[in-house]
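Everything on this sheet refers to the single structure shown next.
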Amino acid sequence: MLNKIEFSDLYRFLTSIGLIFIASALIIPWLFMKQELGVISISEYNSLIEGSKKIVDNRINLNLLVLKMLPFISLVLFLIGCGLIFIGFKNWKKKQDDIDESDEIKLEILRASKQLDLEEIDEKAENEVKEEFNEKKFSANNTSNETEIEQPNLEKLKSNLIGMEKLFFDKIVEFNSFIYEPKANLKIDDKYEIDIALNAINKQKYSDKLIEIKYLQTKLNMDIIKKSFSALVRVQNHIYKATNKRPAIILILVYSSDIVSSGNEISRFKSGVKEYLSQFGVGQFQYFILNNKEAENFQVTNIMK
């Protein structure tokens with residue numbers, strides 16, 4: 001038991017010592033009763049020389065004294081143990097509550113992250129559309145060798161993407177789980193953008209959830225999946241480092257039915273995504289692959305568990 005004493009904190013140390021005192025109050029009487037008490041027969045006693053008789057007498061007297069004192073010794077050990085546990089656990093809990101409160105403050109700071117305005121939402125959608133075209137910046141006067149997206153087409157793709165994100169958010173709000181507070185288009189700590197965040201009301205029982213929605217409208221692209229998953233994990237790690245609480249992450253992949261040439265192609269794509277994501281261990285993680293028609297009938301209970 002001694003090798004389990006907790007030395008990392010004073011109050012944990014007191015609690016550990018208290019447990020040892022209580023265990024000693026039970027073990028010492030048991031060990032003492034297992035030993036021979038020095039009782040011998042009269043004939044054996046009479047056969048002893050005078051010096052040996054004195055030794056036996058002293059041993060018997062000592063055993064009798066210990067037997068009389070044993071209940072008091074055990075009681076004292078037990079009471080001391082209880083007192084140490086009470087003092088240690090009470091202060092240990094108080095200290096832990098302070099730590100939890102500090103973590104909660106950090107968590108609330110993250111939860112207070114700002115919501116993107118309409119201009120920022122539009123910019124976010126434009127960047128995602130450009131990413132599909134492997135283009136970092138759109139310019140009407142683009143003279144580089146990069147593929148140029150015509151302005152009308154860009155606006156349509158942006159609108160489709162924003163509409164798809166709104167579709168899932170509206171489903172979550174309409175369902176109203178009473179477990180999470182949903183928020184859309186958040187910028188966390190001025191660094192990371194999240195499509196939808198589900199903040200758990202009971203933080204002791206449920207984990208927060210971060211949802212990223214990708215709408216593939218031009219082609220099935222594994223690079224987009226890899227980047228989206230990596231971005232989600234970075235946000236998850238950032239929150240974990242700041243709060244010591246790891247949110248669940250959910251990746252929803254929606255593809256336009258128009259870009260799939262055959263059922264075999266989507267099957268290969270799904271297998272590739274599964275194979276890629278299966279190599280990572282990132283805590284609570286879900287992903288869904290749907291076409292735009294299936295997205296309309298998606299049951300949000302799948303992500304509210």
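Some points to look at:
- Tally of residues being open to solvent by 50 Å² or more (accessible area, probe 1.4 Å) and not in a loop (DSSP other than H, G, I, E, B) across segment 192-221: 2
- Failed item, numbered, when Phe229 is tested on (1) modelled with pLDDT under 90; (2) in contact with a helix residue (DSSP H, G or I) (Cβ under 9 Å, 6 or more places away or on another chain); (3) in a helix (DSSP H, G or I); (4) not acidic (Asp, Glu): (1)
- Filtered residue count, segment 19-46, keeping only those that are surrounded by 14 or more Cβ atoms within 10 Å (Cβ to Cβ) and either closer than 28 Å to Ile87 by Cα or modelled with pLDDT of 80 or more (or both): 10
- Some residue of segment 233-240 being assigned to a helix (DSSP H, G or I) and free of Cβ contacts under 8 Å to residues at least 40 places away in the same chain: yes
- Number of the condition not met by Ser177 [criteria: (1) among the hydroxyl-bearing types (Ser, Thr, Tyr); (2) modelled with pLDDT of 90 or more; (3) over 16 Å from Asn127 (Cα atoms)]: (2)
- When the test is whether a residue is at pLDDT 60 or above, open to solvent by 40 Å² or more (accessible area, probe 1.4 Å) and part of a helix (DSSP H, G or I), Lys156 passes it.
- Selection from segment 245-299 of residues that are assigned to a strand (DSSP E or B), within 21 Å of Thr218 (Cα to Cα) and open to solvent by less than 30 Å² (accessible area, probe 1.4 Å): Leu251, Ile252, Leu253, Val254, Tyr255, Ile289, Leu290, Asn291
- Only one of the numbered conditions (1) within 19 Å of the chain's Cα centre (by Cα); (2) buried (at least 16 other Cβ atoms within 10 Å of the Cβ); (3) modelled with pLDDT of 90 or more; (4) among the β-branched types (Val, Ile, Thr) is not met by Ile224, and that is (1).
- Residues located in segment 67-91, provided they are under 38 Å from the mean Cα position of the chain (by Cα) and loosely packed, with under 14 Cβ neighbours inside 10 Å: Gly83, Phe86, Lys90
- Of the candidates Ser230, Ser267, Ser257, the single residue that is within 25 Å of Ile172 (Cα to Cα), free of Cβ contacts under 8 Å to residues at least 24 places away in the same chain and over 14 Å from the mean Cα position of the chain (by Cα) is Ser230.
The values are calculated or read from the model by the stated rules, or taken from the named source; none is laboratory data. On a predicted model such as this, the values are computed, not experimentally measured, just so you know. Here Cβ is always computed from backbone atoms with ideal geometry, including for glycine, and neighbour counts include all displayed protein chains. All accessible areas refer to the heavy atoms of the entire protein, side chains included, with ligands and DNA or RNA removed. Shrake-Rupley method; radii C 1.70, N 1.55, O 1.52, S 1.80 Å.
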